[in-house]
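Heads up, the thing below is written out as structure tokens.
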Amino acid sequence: MKDSQGNLVLGRTRWRRFAAVFIPAGVLAAGLMVGVANGAVPIALNVSGQTFKVSASSLDGGKFSQYGAVVVEKNGTVHPVLASAIDDATLKDLCQSVTVPGTPFSMVIRAGGGTHTVTAHNLLIGMDTLTGDAVFTNIDIGQDASTVPTWAKGEEKGFAQQADHVKITDLKQRAFTTHAGTFTLDGLSLKLSLSGEECFPTSDLPS
């Protein structure tokens, strides 16, 4: 397998805190601005614009891709994101938290603990930060985003990467939107926290 510069690379790659090096910041920013200028289709319309936190002890997924995209609020505000698509994923110890603006409250969802699992089909996440320990099988970096093998794809000539399989442990991410064709949450619990509980502190994310 070769990278985008034609250099041979191993088909199985492990990165620590891979969000920091996933896509070179300059390449991503330039690609996003060109995409926005050309009217590229965003991954989500009428988003709230508020981020939420998601954590999991593990995520095991099949076909994976990631590329630059945008989400758009109803008022037209555009947020650049990393669109991460996984055809099928299994998660353990899932937590999702979102704060209630103007209050000390938060909503916390948990599932997939103990013997339970969370499964997602046609998963698409619009995030701005992710951290964890990741193993990718047969990864290609520098792929044209319109040619990735996942169900969701980016724009033509957009910078992307793809892998046959991805496994992330100690996953923590901040996202604007999540879409799944099917989302099965075994062992689901939902609560309104009066103390502003979150899945993890913001300081756990790379600055």
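Listed values, structure above:
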| read-out | value |
| --- | --- |
| Set THR115, THR119: member being surrounded by fewer than 19 Cβ atoms within 10 Å (Cβ to Cβ), at pLDDT 95 or above and either touching a helix residue (DSSP H, G or I) at 6+ places or on another chain (Cβ under 8 Å) or within 16 Å of LEU171 (Cα to Cα) (or both) | THR119 |
| Criterion (of a type in the set (Phe, Trp, Tyr), farther than 18 Å from THR119 by Cβ and part of a strand (DSSP E or B)) met by exactly one of PHE200, PHE183, PHE176 | PHE176 |
| Residue check for LYS153: in contact (Cβ under 8 Å) with a residue 40 or more places away in the chain, on the phi < 0 side of the Ramachandran plot and not in a loop (DSSP other than H, G, I, E, B) | no |
| Filtered residues of segment 52-90 (kept if touching a Lys or Arg at 6+ places or on another chain (Cβ under 9 Å), of a type outside the set (Asp, Glu) and surrounded by fewer than 20 Cβ atoms within 10 Å (Cβ to Cβ)) | SER57, SER58 |
| Pair list, Cβ under 8 Å, 6 or more apart: segment 70-92 residue polar (S, T, N, Q) and modelled with pLDDT of 95 or more, other residue crowded, with 18+ Cβ neighbours inside 10 Å and part of a loop (DSSP other than H, G, I, E, B) | THR90/THR117 |
| The one condition in (1) part of a strand (DSSP E or B); (2) in contact with an Asp or Glu (Cβ under 6 Å, 6 or more places away or on another chain) that VAL72 fails to fulfil | (2) |
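The values are calculated or read from the model by the stated rules, or taken from the named source; none is laboratory data. Since the structure is predicted, the reported quantities are computational estimates derived from the model, not experimental observations. A quick note on method: Cβ atoms are made from the backbone with ideal geometry, for glycine too, and the neighbour counts reach across all protein chains shown.
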